[in-house]
Amino acid sequence: MPRVRTLDDLRHWWDRHADDYDRSMTWAERKLFEDTRPWIAGRARGRTLEVAIGTGLNLAHYPSGTDLCGVELSPRMLALARRRAEALGRDADLRLGDAQRLDFEDASFDTVVATFSLCCVPDDARAVAEMARVLRPGGLLLLADHVASTSLWLRALQRTLEIGSVPFAGEHFRRRPLRHVEAAGLRIEEHDRFKKGMIERLAARKSD
Ligand SMILES: C[S@@+](CC[C@H](N)C(=O)[O-])C[C@H]1O[C@@H](n2cnc3c(N)ncnc32)[C@H](O)[C@@H]1O
């Protein structure tokens with residue numbers, strides 16, 4: 001199995017797994033994520049950026065009138081997101097890009113969203129810093145991800161899984177994006193952690 005060492009490797013990994021992505025997420029969506037997608041997307045207001053949008057599984061949950069832009073590393077995942085947006089009749093500007101180097105001016109969005117993506121972006125701290133940069137003062141950052149469990153045993157299992165998942169799929173199980181959000185100086189307004197602490201979601205405000 002080829003190792004995922006560079007951003008190109010990661011792009012190819014996601015291109016290869018794109019067609020199977022929605023099906024592969026079915027169990028996690030039902031058993032782990034609960035109402036996280038509507039929880040996150042339902043809080044978006046105004047000009048909104050979704051980072052690492054994947055196949056667009058949040059698209060159906062944005063309030064109508066959301067002015068949506070999405071960035072994604074994998075052309076194949078992006079193609080599926082575009083197809084989903086079209087099927088939903090949702091007008092969205094969906095483009096290729098790197099979460100670690102967002103191609104937008106400072107303070108250009110009212111809301112920035114990322115779900116289940118910071119687990120695989122190579123430098124998650126840098127991606128959060130980029131999200132904070134493109135958020136306008138007073139804007140809202142909405143994040144959800146699978147993170148390090150609060151259970152010692154599950155954390156040990158997550159650590160074991162990472163022995164294969166990090167080198168071969170670029171996938172981390174023990175990250176805590178919340179810490180990067182706090183380091184970026186945003187104020188946490190809402191925070192939930194459930195399923196033995198493995199799922200974490202938050203809404204954080206950039207100061208005016
Ligand atoms: C687990 S999927 C999550 C997709 C989607 N956010 C969701 O909630 O279903 C991770 C996605 O992150 C994308 N990704 C990984 N690294 C990225 C980067 N540096 N910039 C943009 N997208 C990235 C992958 O291509 C993949 O589509």
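The values are calculated or read from the model by the stated rules, or taken from the named source; none is laboratory data. Given the structure is predicted, the values throughout are model-derived calculations rather than measurements. Note: ideal-geometry Cβ built from the backbone for every residue, glycine included; neighbour counts use all protein chains shown.
Some notes on this structure:
- Test: residue in region 67-75 that is in a helix (DSSP H, G or I), surrounded by fewer than 21 Cβ atoms within 10 Å (Cβ to Cβ) and more than 15 Å from the ligand (Cβ to nearest atom): no
Yes or no, residue by residue, for (1) surrounded by fewer than 14 Cβ atoms within 10 Å (Cβ to Cβ); (2) more than 25 Å from D106 (Cβ to Cβ):
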{"site": "R136", "(1), (2)": "no, no"}
{"site": "L152", "(1), (2)": "yes, yes"}
{"site": "T160", "(1), (2)": "yes, yes"}
{"site": "V166", "(1), (2)": "no, yes"}
{"site": "A169", "(1), (2)": "no, yes"}
{"site": "E182", "(1), (2)": "no, no"}
{"site": "K195", "(1), (2)": "no, yes"}
{"site": "D208", "(1), (2)": "yes, no"}
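- Of the residues making up region 102-118, those that are more than 8 Å from the ligand (Cβ to nearest atom), at negative phi and in contact with a helix residue (DSSP H, G or I) (Cβ under 8 Å, 6 or more places away or on another chain) are L102, F104, E105, D106, S108, F109, V112, V113, L118.
- Residue within region 55-63 that is hydrophobic (A, V, I, L, M, F, W, C) and either out of contact with any strand residue (DSSP E or B) (no Cβ under 9 Å at 6 or more places or on another chain) or part of a strand (DSSP E or B) (or both) present: yes
- Tabulated pairs, region 81-92, first closer than 13 Å to A18 by Cα, second modelled with pLDDT under 95 and not in a helix (DSSP H, G or I), C-beta under 8 angstrom, 6+ apart or interchain: none
- Failed condition for T55, given (1) over 25 Å from L186 (Cβ atoms); (2) surrounded by fewer than 17 Cβ atoms within 10 Å (Cβ to Cβ): (2)
- Screening L96 with (1) crowded, with 22+ Cβ neighbours inside 10 Å; (2) more than 22 Å from T26 (Cα to Cα); (3) near the ligand (Cβ under 9 Å from one of its atoms); (4) of a type in the set (A, V, I, L, M, F, W, C) gives one miss only, at (1).
- Among the candidates L118, L135, L161, residue that is more than 23 Å from R5 (Cβ to Cβ) and of a type outside the set (K, R): L135
- At least 3 residues being farther than 25 Å from S207 by Cα and of a type outside the set (D, E) is the threshold, and among the strands (runs of 3 or more DSSP E) wholly inside region 77-186 those reaching it are 92-96.
- From the options L7, L49, L57, residue that is of a type outside the set (V, I, T), touching a Gly at 6+ places or on another chain (Cβ under 8 Å) and within 12 Å of the ligand (Cβ to nearest atom): L49
- Some residue of region 126-139 being within 16 Å of the ligand (Cβ to nearest atom), more than 15 Å from the chain's Cα centre (by Cα) and without any contact (Cβ under 8 Å) to a residue 60 or more places away in the chain: yes
Here's the yes/no breakdown for (1) of a type in the set (A, V, I, L, M, F, W, C); (2) out of contact with any Gly (no Cβ under 8 Å at 6 or more places or on another chain); (3) under 26 Å from G56 (Cβ atoms); (4) away from the ligand (no atom under 16 Å from the Cβ):
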site: C120; (1), (2), (3), (4): yes, no, yes, no
site: D123; (1), (2), (3), (4): no, yes, yes, no
site: S149; (1), (2), (3), (4): no, no, no, yes
site: W153; (1), (2), (3), (4): yes, yes, no, yes
site: S165; (1), (2), (3), (4): no, yes, yes, no
site: H172; (1), (2), (3), (4): no, yes, yes, no
